Ligand SMILES: O=C(O)CCC(=O)C(=O)O
Ligand SMILES: [Fe+2]
């Protein structure tokens with residue numbers, strides 16, 4: 001599933017030095033194509049957002065219509081002036097696997113692959129982190145107007161060591177927004193921007209302050225990704 005030509009030692013060094021990297025051509029081309037096709041045509045998305053003041057995910061099969069979607073976005077924008085907000089579409093692979101949702105989806109293979117001994121060995125080596133034992137993953141989609149405000153990915157229970165994003169939207173333009181940016185807590189400066197480039201892996205050590213900028217109204221397609229964390233956990 002991963003591209004055999006990745007220069008692992010080069011990225012390992014860069015990651016150790018800078019705590020984040022973006023690796024191009026991460027998946028084998030046919031896997032990237034097949035997953036991207038599934039994300040854009042067959043994934044049963046649920047909307048995750050906080051416009052009620054608390055995080056909510058719409059029930060399966062009840063994705064809001066355009067009017068309701070716009071209403072929720074506008075409510076979220078109003079609250080975003082002084083509180084943490086986000087709006088993105090999610091397909092929760094861990095929950096889906098546990099509950100037996102949609103067994104024909106290819107995305108299930110990704111979660112399984114990320115948890116094979118071989119991949120976890122690769123993750124520990126690439127991240128110079130012997131504590132990594134598991135990976136979580138979800139599919140995500142950011143449509144025009146959706147966003148994820150600054151946060152650090154800290155989760156006391158989960159043991160998140162690295163965050164990863166496999167970007168699966170083709171020919172993403174910088175003016176389409178949807179950029180993963182890293183913020184210096186002391187100065188507020190943007191220290192690095194990762195465009196969601198086709199088939200790149202954005203990988204960074206947790207915690208770091210980061211956000212996903214608003215996807216522009218004129219973006220020609222949604223921003224699709226498979227994202228999650230490499231975890232240090234004692235039990236499954
Ligand atoms: O999609 C991305 O680039 C990052 C997503 C993220 O930060 C998160 O889901 O916590
Ligand atoms: Fe994050």
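Conditions tested, residue by residue: (1) in contact with a strand residue (DSSP E or B) (Cβ under 7 Å, 6 or more places away or on another chain); (2) within 16 Å of ligand 1 (Cβ to nearest atom).
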position: 19; (1), (2): yes, yes
position: 24; (1), (2): no, yes
position: 36; (1), (2): yes, yes
position: 74; (1), (2): no, no
position: 79; (1), (2): no, no
position: 96; (1), (2): no, no
position: 110; (1), (2): yes, yes
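Among residues of the stretch 112-138 being touching a strand residue (DSSP E or B) at 6+ places or on another chain (Cβ under 6 Å) and farther than 15 Å from residue 1 by Cα, the one that is surrounded by the fewest Cβ atoms within 10 Å (Cβ to Cβ) is 129. None of 197, 161 is closer than 20 Å to residue 110 by Cβ and within 13 Å of ligand 1 (Cβ to nearest atom) except 197. Evaluating residue 153 against the criteria (1) within 16 Å of ligand 2 (Cβ to nearest atom); (2) more than 13 Å from the chain's Cα centre (by Cα); (3) assigned to a loop (DSSP other than H, G, I, E, B) leaves one unmet condition, (2). The residues on offer are 203, 180, and the sole one that is within 15 Å of ligand 2 (Cβ to nearest atom), in contact (Cβ under 8 Å) with a residue 24 or more places away in the chain, under 20 Å from residue 120 (Cα atoms) and buried (at least 21 other Cβ atoms within 10 Å of the Cβ) is 203.
In the stretch 95-102, the count of residues that are outside any strand (DSSP E or B), touching a helix residue (DSSP H, G or I) at 6+ places or on another chain (Cβ under 6 Å) and within 26 Å of residue 51 (Cα to Cα) is zero. When 186, 220 are checked against the criterion of being touching a residue at least 24 places away in the same chain (Cβ under 8 Å), exposed (fewer than 14 other Cβ atoms within 10 Å of the Cβ) and either within 13 Å of ligand 2 (Cβ to nearest atom) or not in a strand (DSSP E or B) (or both), 220 stands alone in meeting it. Yes or no: residue 162 closer than 25 Å to residue 215 by Cα, touching a residue at least 24 places away in the same chain (Cβ under 8 Å), more than 17 Å from the chain's Cα centre (by Cα) and within 16 Å of ligand 2 (Cβ to nearest atom)? Criteria not met by residue 162.
Quick note: the coordinates plus some simple rules give every number you see, no bench work behind them. These numbers were taken from a predicted model, which means no experiment stands behind them. For neighbour counting, all protein chains shown are included, and Cβ atoms are generated from backbone atoms with ideal geometry for every residue, glycine included.
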